[in-house]
Amino acid sequence: MKKRKILCLIFAFVVVLAAGLTGVSVLGVRGIDFENSISAKNEIDGVYIDWAFNYKADGYEIHRWDNEEKEVLATLTKLRKTSFTDETAENGKEYRYSVCAINDEGESFETKSVTLKRIEAPEFLSVKNGVGGIELNWKKVEGVDKYTIYKEHDGATSLVAELNPENPCEYIDTTAVSGEKYKYSIVAVSDGYKSAVDYEKSSTYVPAPENMTAVNNNGSVFVSWGKVTGADSYLVYKKTNGSKWTYLGTYGSDITGYIDYSVVNGNVYTYTVKALSEDIYSGFDSFGVSVNYVDMPRVQTLSNVNNGVKITWNAIGKASQYRVYKKLDGETTWKFIGECRSTSFTDYNVGDGFQYRYTVRAVGDKGGLSPYEESAPVLALKKPDIKLYCGTKAITVKWNSMPLADSYRVYKKADKATGWTYLATVKADKNYYVDKQVKSGVNYTYTVRQVYSGLYGSYDTGVSTKFTAAPKLTAKLSPKGLKLEWNKANAGTGYTVERKTESNMTWKQIAEVNGLGKVTYTDSKAKYGEVNYYRIKVKGTNRISDTASIYGIDPKKPAVALTYDDGPHPTVTHDILDVLEKYDARATFFVVGSRVPEYPDCVKRASELGCEIGNHTYNHKILTSATDSQIAAEIAKTNSVVKNITGKLPTVARAPGGSYNNRVKGQVDMPLIQWSVDTLDWKNRNANSVISSVKRNTRDGSIILMHDLYSSTAEATKTIVPWLVKEGYQIVTVTELLQLKGIDIEDGSVYFSAS
Ligand code: ZN
């Protein structure tokens, strides 16, 4: 006890000294012995001061210095209380506090002072489940250096974060674990002073659904989200064009998708989802997931046009463009092939005979992409390449064969016609069409589509040419080879001569003629013993002559012409033709016109075997005793019936009985053929007699007279033909014989032989 009193005295003395030194006025120190301890701290409602109890004091005076301005905050009398809360301290201001103990005798003694900066407690506005963690929000406190956040979990407190006050007063604790409970506290700090602590308990953490997606389906939007562990259900919300959230419904924990059928093309829909666990809601993504709903375009037509596949589809309102995709039928991956604003697209990058599928997606004006569906398959059928040739009377349209085609359709336009005219369907084994309906000087355009299994292929604007007749070509025998002649072209740079033969039916160029002036060519290398075909092309144009054909006969070997008059006869003529056919020989039949309609097959067969059909009058009339008009009629009627059967007009004639004069020559107006070997078969009716006559009298260039009315003549022919062949003769027609020997054949002239 004694010792304590001495200590107190020493204390009092020190206090007096300290007060004097700091300029504090110290009055009336007698009697009160006051512990000099005081402390201060920030509380929620103000600065809390407490001090040591003084048993001699009847009360206390609380002093606050703002700088050196002293203010008596309160006088506490008859109170045993040793604490006081300064509710008037201003946030951010530093104060010094002291307490003066007072008693009834007016004695007092002041404590030492304590300095504190007033910092308001940062009050939690909310602690709640947010997106990705627990979201903390608090009321800003001015003038602080930092905020310090702690959390209590499972009885342990840990520092969560120290935050710069310049940032918004919010924080997401991303370390929160689903289903766990946390308690957060926040302290504001300034100049080393701390605010009081405001507490707010969070609920159990329920994470917000993540990985939300919204995609356009046909007539709906499909919204999906990631499963939240522990969630009992989900609440789905929607906004239309940025309006307010509307609640769509609550769905069980096993559902993580929602199909919204209540959508309209062109609107932007935003969705968000909350999870609910027991009675605790998760936070939600306030931005949500948005999609511009765009209706699905449907492919309407697929067609082969312009050497590509053209796709059309229905227009979608507000679409900014369309994206077109394709794949080979059977493949799974779509390939983007282009975009456009119109509702059609042509894919030129297709292969003939390949089958494709297409799809189209509309892009909304606000960026959405429509759903899509795949089209029916379409077979790409490309167009054939066309070449046009002007012949003498027709345009030949020629194209390359297409592998799949089972036919081709040919179309035409004349001059300025706007639409195509269908011309013909051509079977696949033929790849040309001859259009005879053409006029000189008119421009014609053609296009060709292939057809496969009823499906029409592509076509395009076609290929055009003005029709200008090609030169007419004739071929005949000559002593130097096969001689070609044609009429002069009026444009071009020259001619090329092409040949093919029965044994090689591929056209081959055999000569080139420069300039338009020379219009003949003699082929000395023709194939003898078979048909040679010729055509000429006018260089620098697309003109090509009709094909001229001629049986090749060697001018260096001897030749004779067998002639048979007065037929046809139903058996004899055929018997003779059998022999000729067997030895690849040809004869000339001077037919009686009136008999031709009775036995047309004889005449037809003879012509087809390459034999020549000559005119022997219609009624076997002796022309020297006929009138001019009778002669003309006899000749004309026969020419007509022969042409009806063979398609060709006779080019030579023989007067019945060989009787002619100048009047007859003039009226017949055809080359008149006599003979150099008379077998007298009509008179003898004996094969041997005919044979020996031929053997005795025949030489190179002979024209041998017989009649295909008698079986003896047919019999003789069976010996004569092989004998002539053996002797080295070529057995040819009269015209061939004369040509071969270089004799000009003129109408009204008479020929006895080619010797
Ligand atoms: Zn006769």
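The values are calculated or read from the model by the stated rules, or taken from the named source; none is laboratory data. None of the values given here were measured: they were computed from a predicted structure. Glycine also receives a Cβ, built like all others from the backbone with ideal geometry; neighbour counts cover every protein chain displayed.
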Taking the range 494-515 only, how many residues are outside any strand (DSSP E or B) and of a type outside the set (Gly, Ala, Ser)? 1
Residue list for the range 35-57, restricted to those being closer than 17 Å to Ser108 by Cβ, assigned to a loop (DSSP other than H, G, I, E, B) and either in contact with a strand residue (DSSP E or B) (Cβ under 6 Å, 6 or more places away or on another chain) or assigned by TED's automatic domain parsing to the domain that holds Val141 (or both): Asn54, Ala57
Need a quick list: strands (runs of 3 or more DSSP E) entirely within the range 70-178 having at least 1 residues that are within 60 Å of the chain's Cα centre (by Cα). 124-129, 134-138, 156-163, 170-173
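Among the residues in the range 596-603, are any under 60 Å from the mean Cα position of the chain (by Cα) and more than 16 Å from the ligand (Cβ to nearest atom)?
Going through the range 596-603, the residues under 60 Å from the mean Cα position of the chain (by Cα) turn out to be 601.
Now narrow it down to the ones that are more than 16 Å from the ligand (Cβ to nearest atom): 601.
Checked the range 596-603: at least one residue is under 60 Å from the mean Cα position of the chain (by Cα) and more than 16 Å from the ligand (Cβ to nearest atom).
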Neighbours by Cβ (under 6 Å, 6+ apart or cross-chain): first from the range 578-591, in a strand (DSSP E or B); second within 16 Å of the ligand (Cβ to nearest atom) and at pLDDT below 95: Phe589/Gly567; Val591/Gly567
Test Ala469 against the stated conditions and say whether it is in contact (Cβ under 8 Å) with a residue 40 or more places away in the chain, closer than 26 Å to Lys525 by Cα and in a loop (DSSP other than H, G, I, E, B). no
When you scan the range 432-467, how many residues do you find that are buried (at least 18 other Cβ atoms within 10 Å of the Cβ) and not hydrophobic (A, V, I, L, M, F, W, C)? 14
Since Ala89 meets every condition but one in (1) buried (at least 18 other Cβ atoms within 10 Å of the Cβ); (2) touching a residue at least 60 places away in the same chain (Cβ under 8 Å), which condition does it not meet? (2)
Which numbered condition in (1) farther than 13 Å from Met706 by Cα; (2) within 15 Å of the ligand (Cβ to nearest atom) is the only one that Thr646 fails? (2)
Does any residue of the range 241-256 turn out to be among the small types (Gly, Ala, Ser), free of Cβ contacts under 8 Å to residues at least 40 places away in the same chain and under 23 Å from Tyr372 (Cα atoms)? no
Residue under question is Asp173, and the condition is that it be of a type in the set (D, E, K, R) and buried (at least 20 other Cβ atoms within 10 Å of the Cβ); does it hold? yes
Given the criteria out of contact with any Phe, Trp or Tyr (no Cβ under 6 Å at 6 or more places or on another chain), within 16 Å of the ligand (Cβ to nearest atom) and among the hydrophobic types (A, V, I, L, M, F, W, C), does Val694 qualify? no
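Taking the condition assigned to a loop (DSSP other than H, G, I, E, B), over 30 Å from Lys436 (Cβ atoms), more than 15 Å from the ligand (Cβ to nearest atom) and touching a residue at least 40 places away in the same chain (Cβ under 8 Å), does Asp575 pass? Before you say what the answer is, go through the steps one by one.
Values: assigned to a loop (DSSP other than H, G, I, E, B): no; over 30 Å from Lys436 (Cβ atoms): yes; more than 15 Å from the ligand (Cβ to nearest atom): yes; touching a residue at least 40 places away in the same chain (Cβ under 8 Å): yes.
Against the criterion (assigned to a loop (DSSP other than H, G, I, E, B), over 30 Å from Lys436 (Cβ atoms), more than 15 Å from the ligand (Cβ to nearest atom) and touching a residue at least 40 places away in the same chain (Cβ under 8 Å)), Asp575 does not qualify.
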Could you list, in sequence order, all residues of the range 265-281 that are buried (at least 19 other Cβ atoms within 10 Å of the Cβ) and modelled with pLDDT under 95? Ser277
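Do the conditions hold for Thr396, that is, is it of a type in the set (Ser, Thr, Tyr), in a loop (DSSP other than H, G, I, E, B) and not assigned by TED's automatic domain parsing to the domain that holds Phe222? Don't jump to the end; show me each part of the working.
Values: of a type in the set (Ser, Thr, Tyr): yes; in a loop (DSSP other than H, G, I, E, B): no; not assigned by TED's automatic domain parsing to the domain that holds Phe222: yes.
No: the conditions fail for Thr396.
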Restricting to the range 484-522, count the residues that are over 53 Å from the mean Cα position of the chain (by Cα) and touching a residue at least 40 places away in the same chain (Cβ under 8 Å). 1
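Check whether at least one residue in the range 343-362 is outside any loop (DSSP other than H, G, I, E, B), surrounded by fewer than 18 Cβ atoms within 10 Å (Cβ to Cβ) and under 14 Å from the mean Cα position of the chain (by Cα), and report yes or no.
Here is the first cut: in the range 343-362, the ones outside any loop (DSSP other than H, G, I, E, B) are 344-347, 355-362.
From the residues that got through so far, the ones that are surrounded by fewer than 18 Cβ atoms within 10 Å (Cβ to Cβ) too are 344, 355.
The next check asks that each one be under 14 Å from the mean Cα position of the chain (by Cα); those that pass are 344, 355.
Yes, the range 343-362 contains at least one residue that is outside any loop (DSSP other than H, G, I, E, B), surrounded by fewer than 18 Cβ atoms within 10 Å (Cβ to Cβ) and under 14 Å from the mean Cα position of the chain (by Cα).
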With respect to Tyr534, determine if the residue is farther than 30 Å from Asn697 by Cβ, away from the ligand (no atom under 16 Å from the Cβ) and in contact (Cβ under 8 Å) with a residue 60 or more places away in the chain. yes
Looking only at the range 701-717, filter to residues that are more than 16 Å from the ligand (Cβ to nearest atom) and crowded, with 17+ Cβ neighbours inside 10 Å; which one of those is nearest to Thr573 (Cα to Cα)? Ala714
Does Leu580 count as more than 16 Å from the ligand (Cβ to nearest atom), surrounded by fewer than 17 Cβ atoms within 10 Å (Cβ to Cβ) and closer than 26 Å to Ser753 by Cα? no
Which numbered condition Lys201 misses (of (1) within 30 Å of Tyr48 (Cβ to Cβ); (2) of a type in the set (D, E, K, R); (3) assigned to a loop (DSSP other than H, G, I, E, B)): (3)
Whichever residue in the range 668-688 is farther than 19 Å from Ser594 by Cβ, in a helix (DSSP H, G or I) and not aliphatic (A, V, I, L, M) and, among such residues, is farthest from the ligand (Cβ to nearest atom): Asn688
One residue is enough: does the range 531-547 have a residue meeting the conditions touching a Leu at 6+ places or on another chain (Cβ under 8 Å) and basic (Lys, Arg)? yes
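Is it the case that the range 656-663 has a residue that's in contact (Cβ under 8 Å) with a residue 12 or more places away in the chain, surrounded by fewer than 19 Cβ atoms within 10 Å (Cβ to Cβ), away from the ligand (no atom under 16 Å from the Cβ) and outside any strand (DSSP E or B)?
Kept after step one, since they are in contact (Cβ under 8 Å) with a residue 12 or more places away in the chain, are these residues of the range 656-663: 656-661, 663.
Filter again for surrounded by fewer than 19 Cβ atoms within 10 Å (Cβ to Cβ), leaving 657-659, 661, 663.
Retained after the next criterion (residues that are away from the ligand (no atom under 16 Å from the Cβ)): 661, 663.
If we keep only those that are outside any strand (DSSP E or B) too, we end up with 661, 663.
Yes: the range 656-663 contains one or more residues that are in contact (Cβ under 8 Å) with a residue 12 or more places away in the chain, surrounded by fewer than 19 Cβ atoms within 10 Å (Cβ to Cβ), away from the ligand (no atom under 16 Å from the Cβ) and outside any strand (DSSP E or B).
Is it true that Leu737 is within 16 Å of the ligand (Cβ to nearest atom), of a type outside the set (D, E, K, R), buried (at least 22 other Cβ atoms within 10 Å of the Cβ) and more than 26 Å from Ser629 (Cα to Cα)? Please lay out each step first, then the result.
Details: within 16 Å of the ligand (Cβ to nearest atom): no; of a type outside the set (D, E, K, R): yes; buried (at least 22 other Cβ atoms within 10 Å of the Cβ): yes; more than 26 Å from Ser629 (Cα to Cα): yes.
In short, no.
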Within the range 83-94, does at least one residue satisfy the condition of being modelled with pLDDT under 90 and either in contact with a helix residue (DSSP H, G or I) (Cβ under 7 Å, 6 or more places away or on another chain) or closer than 30 Å to Val189 by Cα (or both)? no
Given the options Ala606, Ala633, Ala626, name the one that is within 15 Å of the ligand (Cβ to nearest atom), buried (at least 16 other Cβ atoms within 10 Å of the Cβ) and hydrophobic (A, V, I, L, M, F, W, C). Ala626
In the range 557-572, is there at least one residue being surrounded by fewer than 22 Cβ atoms within 10 Å (Cβ to Cβ), part of a loop (DSSP other than H, G, I, E, B) and within 14 Å of the ligand (Cβ to nearest atom)? yes
Ala491 passes all but one of the listed conditions (1) in a loop (DSSP other than H, G, I, E, B); (2) modelled with pLDDT of 95 or more; (3) within 30 Å of Gly441 (Cβ to Cβ); the exception is number (2)
